[in-house]
1. Give, in whole angstrom and from largest to smallest, the semi-axes √(5λ) of the equivalent ellipsoid of segment 647-750, with λ running over the eigenvalues of the Cα gyration tensor.
2. Applying a 10 Å radius around every beta-carbon, put 471-479, 569-577, 416-424, 334-342 in order of their mean neighbour count, most first.
3. Using only Cα atoms, tell me the angle between helix 27-40 and the longest principal axis of the chain; keep it within 0 to 90° and round to the nearest 10.
4. On a 0 to 90° scale, report how tilted helix 754-763 is relative to the longest principal axis of the chain, with both axes built from alpha carbons and the result rounded to the nearest 10.
5. Less than 11 Å Cβ to Cβ from ASP191, Lys/Arg counted +1 and Asp/Glu -1: what total charge do the surrounding residues give?
6. Can you list residues whose amide H is under 5 Å from VAL452's amide H, if they're 5+ apart or on another chain and H is modeled 1.01 Å from N?
7. Taking the Cβ of ALA309 as the centre, find all other residues whose Cβ is under 11 Å away and add up their charges (Lys, Arg: +1; Asp, Glu: -1).
8. Amide H of PHE473 versus every other amide H placed in the peptide plane: which residues, excluding those fewer than 5 positions away on the same chain, fall under 5 Å?
Amino acid sequence: MFTKTNPVRSRRKYKPTLDIENFGLEKKDLETVFQAGSEIGIGPAKLKDIVGHLEATYCRSVGVEFMYMRHPEVLQWLKQRMESSRNSQDFPDEKRRHFFYHLKLAVGFENFIHKKFVGQKRFSLEGAESLIPSLDAVIEKGAELGIEEFVIGMAHRGRLNVLANILEKPYERIFKEYTGIEYEDDISQGDVKYHLGYENAVVTDFGKKVKLKLVPNPSHLETVAPIVEGVVRSQIDSLYDKNFDKAAAIIIHGDAAIAAQGVVYETIQMSRLDGYKTGGTIHLVINNQVGFTTSYLEARSSTYCTDVAKVTRSPVFHVNGDDVEAIIYTVKLAMEFRQKFHADVFIDILCYRKYGHNEGDEPRFTQPMLYKIIEKHPNPRDIYSEKLNLLGVMSLEESKKEVKEFDQYLESKYKESEKIEKVKIRKFLVNEYKGYEMPRKDKFEANVKTGVPVKILMEIADKINSLPKDLAFFKKVDRIISDRRMMMKDGRLDWAMAELLAYGTLVNEGHPVRLSGQDSERGTFAHRHAAFVVEGTDEKYFPLKYVSENQAPFHVYNSLLSEYAVLGFEYGYSLAQPNGLTIWEAQFGDFHNVAQVIIDQYISSAFEKWGLMNGLTLFLPHGFEGQGPEHSSGRIERFLELSANNNMQVVVPTTPANVFHLLRRQVKMNLRLPLVVFTPKSLLRHPMVISGIEEFEKGRFNEIIDDPLAVPKLVESVVFTSGRLYYDLEKYQIENGISNIAVVRLEQIYPIPYQQINEVLKKYRNSTQLIWAQDEPENMGAWPFIYRKLSQLGFKVVSRKESASPAVGLMEKHKQGLDEILNSVFKVKETVALK
């Protein structure tokens, strides 16, 4: 076809051929080019340029939405970059061979698994294999621009391909996950192979080492996005000196999920907030135009699945998924944009899904016309091999040979997998968790020293109870500070002071502290006041940032009005920073139900599934005080239902000293478990909720607090309780001079402190009655768990009546219920309320 001899081309052992239909250009355009070239003597190199121009002009593989962006500098930069290149790039032959190499891996891997593990689910990437060379290009370009670490989040579609061909997880390990029957490590449950995470350090083409992390993800498609952002921000803060150029997030979405999952919107709304921004995320959308069996026309009301990007005025590129060069050009441009402007970029890859939702589904039931087209459509590798053949870069024979050799290589790896005895789930964030013990199912030991000398406590209190003299504050702030100073002088500390001292001592000892929630700076109930606004300005002063010269960072943020995304973010942040105390605080305890996916899929089960340790702390305000159904219960029962194998801690502290030691224990113990703290509301200012300063120095966290007034030999009944109800019971006990009943506080409900419970019961050996008293309805609170786990002790329950709603709406009804509890506990022999 090429009539003129070219010295470079003449070294090829073949003549390029042309498959017009697969290449994608209109036949008349190509025929015109080659006929004209032949007639006027244009050589192959020039013809190649003309073909490239026609491809850019007629194929129109890249569309862009960006004119809604408001900053002239950003608009001009994008215009200049796109118009100067016509949104395309003429790559050298070496690069094109490199693109083919990655397409070969992507397509070959899927084909091999399809034939080797017939009928087994893999949620293949077929139809969107261009994602693999695209990810490679993002990583290469990012590393070139200074990025040292990428954290990736994605759902199950294409995950195995990304694990194998981007993170370089050994093929034989993946194959073993199809046939294995036992795990190598102490992972009791594990998870399906297409949910697993991985991390590795890979070397780019120009020799730079880059850390890659793929965060584990459940079937909840977009759940991982805020977790990835939290991991990235944590690494930026702790490892990269707050340099957003050093670490970046890549989130891979599906078109149906990004359009419909609310957590996407929440996560994107965090992207430019000081407490949560990560310097811009690369969003890649595998747009196969179907969600499970739902057509895209039924899956959204918006024009594009990526229209959520317009919330933050982020640019959106729509790219033909069959045109690998167009995608690579686009992702490189996106990476440059991210590094320059530290903003999100969205790339909508228009592609298809070769099979149904999984390989066992029959898609023709729901999309018969679409799948007639897909059945005949060549894969991106074969389309690209035709193009390379046309351009004289690689013959069809050469490309087929490479495909065959890779298939043989995979066969050899499959044989290696047959020699592996057990499935291995590689631990995530291995370096970060060096030196920490693995949680054990049969044992929970957290008896660590958490006391702090009074001298140091006074010094830290002096720092956090001082305000700069050159700044003016609201006059009531002076009252808060003076009250706290008097409290320290008297040596009698309330809840807020204990909490602030826990943070102050931790940062003073080199442990970072981060707290976020919807009212966390002040506190929902105005007790904390960790930040003070300078009068007449928007400036804030944070006393805990000035504890000592070499202290660790302290950060407290008022979050956006989100639970799902913010809790996910804080989980990710804590995951990557085990040396610190990371806290998410709900405005009211039951608001966590909006983030239940994070609790179910990560907080409670991530260690059993994926071997993930995490020390995230949750503050859930809890207490029945007549404020109605939504502001009473933190839903203790739900967390206890999820408690097993020492997977987390569920705690209801009732004294300032105990919460001080609890927070310090969370960081000082040598293992990392989530901590769920049901924090008080009215007790924050209760006159009886005071601890002496000596308890902060000599004490420790007490899983159980015995009755300080009881005389053991006189005790006939032992009442176990937790939380705010204790103070009502104690008040009744004192006012009525009751000495034959001991009221014992169970501060740590899980892991159950069996030893301490037995010691208390031995002390009251004359007792003939054992009661569990709670403020919650009988079917809620801790009772269902206590009954199941401690039934051998013969507990009877005193509580409010069973209810579908947690609490009543009227204050008088609430008081009536409390009176019934008190009467039942202290007149137990005359009551029939016991069950």
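Every number in this text was worked out from the coordinates using simple rules, so none of it is lab data. This structure is a prediction, so every number in the text was calculated from the model and none was measured. No Cβ is skipped: glycine too gets one built from the backbone with ideal geometry, and neighbour counts run over all protein chains shown.
1. Gyration-tensor ellipsoid for segment 647-750: 26, 15, 13 Å.
2. Top of the packing list down: 569-577, 334-342, 416-424, 471-479.
3. 50
4. Computed tilt is about 10 degrees.
5. Surrounding charge for ASP191 is 0.
6. Amide H to amide H, under 5 Å and 5 or more residues apart or across chains, VAL452 pairs with GLU697.
7. Net of charged neighbours comes to -2.
8. Amide H neighbours of PHE473: GLU535.
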